[in-house]
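Here the structure comes first, spelled out in structure tokens, and everything after it is commentary.
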Amino acid sequence: MTESEVRIEARGVRKQFPKAERPALDGVDLTVRAGRVCALLGANGAGKTTMIRILTTLLVADEGEVRVAGYDVATQGGQVRASIGLVGQYAALDEVLTGRQNLELFSKLAGMSRTEAREHAAGLLERAGLSDVGDRVVGKLSGGLRRRMDLATSMITTPQVLFVDEPTTGVDPHARRDLWAQLRAMAEQGVAILLTTQYLEEADSLADDVVILKEGKVIARGTPSDLKQLVGEPKWELREPTLEDVYLHLHDAGNQLGVMN
């Protein structure tokens, strides 16, 4: 398995939903290689989630050829699903169970014995930095912790390809950075990651490659640096710090925000 290995290959993907005025996807090409993060950008309705659903066998394309982890999604769906991880827009966890119980349950479903599942869950919690909250009921966790627990669940089996649909929507700045660090670590281990996002700073921070969709069509693709050059020479501007800047600075410095009267 090499870094240059193609893990996602899609050619001419088209999808038209009944009664829709235009195709959700209209001839989309996409390539993602092992060890790289590809960000799929676009406004609501651009086709991002539809593309993810096709690549993960949850939806059938009308036209086009799609291979994931070397398997044809149309004829080898079982092999595709065994090779991927998926983190959707909403946490796919049982909210009445603890995080540890969720991980043990999914590990058993993956074929592990009770002892193996218990040890595997403990390892995943430690790896994700969640050991201290592993015995808390998922329904009482913050949004950021739920997303991190969901990501840990996607690593029950080591996926060749990880799909992450808008990973940090509704997540606070610190939790967002933790999620980014987890995703980078997975890419460094050779996992191919395709993420959809509406946050440009997220794509800029995480992505090796960027594909921009508009109304179901690819309108641009390249590295973040390549795409930035499309707007001309670099421009510098001074700005006041944002509240997010203040939050991250104080959190990293271990200070507390004073209240001014």
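Each value in this text was obtained by applying a stated rule to the coordinates, not by laboratory testing. These numbers were taken from a predicted model, which means no experiment stands behind them. For neighbour counting, all protein chains shown are included, and Cβ atoms are generated from backbone atoms with ideal geometry for every residue, glycine included.
Using a cutoff of 8 angstrom between alpha carbon atoms and counting only pairs six or more residues apart, the relative contact order for the chain works out to 25 percent.
In terms of other Cβ atoms within 10 Å, H120, H174 run from fewest to most in the order H174, H120. Scanning residues 5 or more positions from G85 or on other chains, those with amide H under 5 Å from its amide H are V161, L162, F163, with H placed 1.01 Å from N in the peptide plane. Using C-alpha pairs under 8 Å with a sequence gap of at least 6, the mean separation divided by the residue count of region 33-79 gives a relative contact order of 23 percent.
Mind running the shape call on region 88-171? Use the C-alpha gyration tensor, a ≥ b ≥ c as the square roots of the eigenvalues: rounded below 1.5 for a/c, prolate if a/b tops b/c, oblate otherwise.
Values: a/c = 1.80, a/b = 1.26, b/c = 1.43.
Oblate shape, in that a/c is at least 1.5 and b/c is the bigger or equal ratio.
Rounded to whole numbers, the Karplus 3J(HN,Hα) couplings from phi for region 199-204 are 8, 5, 5, 5, 5, 5 Hz, using 6.51 cos²θ - 1.76 cosθ + 1.60 with θ = phi - 60°, and x at Gly and Pro.
First check a/c for region 43-113, with a ≥ b ≥ c the square roots of the eigenvalues of its C-alpha gyration tensor; if it is under 1.5, answer rounded, and if not, answer prolate when a/b is larger than b/c or oblate otherwise. Note, shape of region 43-113 comes out oblate.
Going from the residue with the fewest nearby Cβ atoms within 10 Å to the one with the most, D26, D226, D178 rank D226, D26, D178.
Over region 139-243, what relative contact order in percent results from Cα pairs under 8 Å that are six or more residues apart? Once normalised by length, the contact order is 20 percent. Coupling constants for region 183-196 follow from the phi torsions by the Karplus curve (6.51 cos²θ - 1.76 cosθ + 1.60, θ = phi - 60°), and in residue order they are 5, 4, 4, 5, 4, 5, 8, x, 6, 8, 10, 10, 10, 9 Hz; glycine and proline get x. Which pairs, out of K19/K48; K48/K228; K15/K108; K108/K214, put more than 31 Å between their alpha-carbon atoms? The pairs that break the limit, which is 31 Å between Cα atoms, are K15/K108; K108/K214.
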